[in-house]
1. Any idea what the dipole of the chain comes to, in debye rounded to 20, about its Cα centre with Lys/Arg Cβ at +1 and Asp/Glu Cβ at -1?
2. Counting only protein heavy atoms and using a 1.4 Å probe, what share of the accessible area of the chain belongs to carbon plus sulfur, as a whole percent?
3. Within the stretch 99-195, list the chymotrypsin sites (Phe, Trp or Tyr not before Pro) lying in a DSSP loop whose Cβ has at most 16 other Cβ atoms in a 10 Å radius.
4. Which distance in nm do the two modelled labels at Val54 and Glu223 give, with both placed 7 Å along the Cα-to-Cβ direction?
5. For the ranges 265-276, 180-191, what's the packing order if you count other beta-carbon atoms within 10 Å of each residue, average per peptide, and put the highest first?
6. Quick one: Kirkwood hydrodynamic radius for the chain, alpha-carbon pairs, angstrom, one decimal?
7. I want to check the label-to-label distance for Glu69 and Asp35. Put each point 7 Å from Cα in the C-beta direction and report it in nm to one decimal.
8. No solvent, one uniform scatterer per C-alpha: report log10 I(q)/I(0) for the stretch 220-318 via the Debye equation at q = 0.11, 0.13, 0.16, 0.22 1/Å, two decimals.
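The values are calculated or read from the model by the stated rules, or taken from the named source; none is laboratory data. These numbers come from a predicted model, not from an experiment. Note that each Cβ is placed from the backbone with ideal geometry, even for glycine, and that neighbours are counted across all protein chains shown. These accessible areas exclude ligands, DNA and RNA; they are computed on the full protein's heavy atoms, side chains included. Shrake-Rupley method; radii C 1.70, N 1.55, O 1.52, S 1.80 Å.
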Amino acid sequence: MFKSIKSMALAAVTAMMMAGVAHADITVYTAGPQDLIDKLASGFTTQTGIKVKVFQATTGKVMARIESEASNPVVDVLISASWDTATDFAKRGWLVPYTSPNAAKVPDFLKTDTAVAQGVSALGIAWNPKSNTPKPTEWADLTKPEYKDLVNIPDPAQSGSSFELTAALQGTDGWKLFDDLKANGAIVAGANADALNPVLQGAKAAVFGAVDYIAMGSKANGENIDVIFPASGTVIAPRPAMILNWSKHQDEAKKFIDYMLSDEGQKAVADDYLMPSRTDIPANRPLISDLKVLQYDAKAIYGKRKDTLKEFADKFAK
């Protein structure tokens, strides 16, 4: 009997403790894939009892939401598709310094004292092998007559990674490549998924500057799509996770970063065809070491972001 009462008391205390933890919900805004944040949120809640409220959208929509909530901010953890977000927010003093113990095997270039990469994507050419076009190997291949009116470009105003590719290529060779794409009938087709869907459906042949993991996931699901990384070079897009200093649940937010960088969390990243930020987690896809990465001054290109976007928009509005 005493043993039964003791067990009941222990169960009651445990329930009370869990109930207290459950009230410490956190809110995560992410420009990453919906199924990935769903898996991370579910796994984190199972492990800690802390619930996660999620807002998932494009980078532009996430930033707009944060701006609209400036007088009453609610986001605790932000996962962006552009490292510039982490740089900008750190300069504004909006981030909480935190180094997770699970970040020990994250390379230095994928972490700072206020941000750490959830994972890394790269940009390539997403090509439909059933499009009756030759397999492209370089960016300029999409300017050839065989691709007339068959190429989509993600809008760099809506996609941070598309902007970085545009700026990096423009900085290397000027605007000629984009002038040739426009002359060949390439169109700007919204955000990343909007640009890819017509290629999956066969209405277009290729995406210039496709986010790799989206196309790779589609291929794994049986779609007719290949991802090609041009030998001349591409850009990678580390996806920084950061804790906002207005968060009322910073300890819980730190635990979420820990979970995201745990074996389980990083496996979820790899399962979504992103490169894990930890070097000891295997991934069934090319890694940074397999790619030629274009070198560019991120500070300089983001300093000219408005001018670059205006010139790009003017070219494709004609």
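1. Approximately 440 debye in magnitude.
2. Carbon-and-sulfur percentage of accessible area, whole number: 54.
3. Here the sparse-neighbourhood loop sites are Trp175.
4. Placing both labels 7 Å beyond Cα along the Cβ direction yields 1.9 nm.
5. Most protected by this proxy first, the peptides run 265-276, 180-191.
6. For the chain, inverting the mean 1/r across all distinct Cα pairs yields 20.8 Å.
7. 2.6
8. Rounded to two decimals, the profile gives -0.58, -0.78, -1.02, -1.15.
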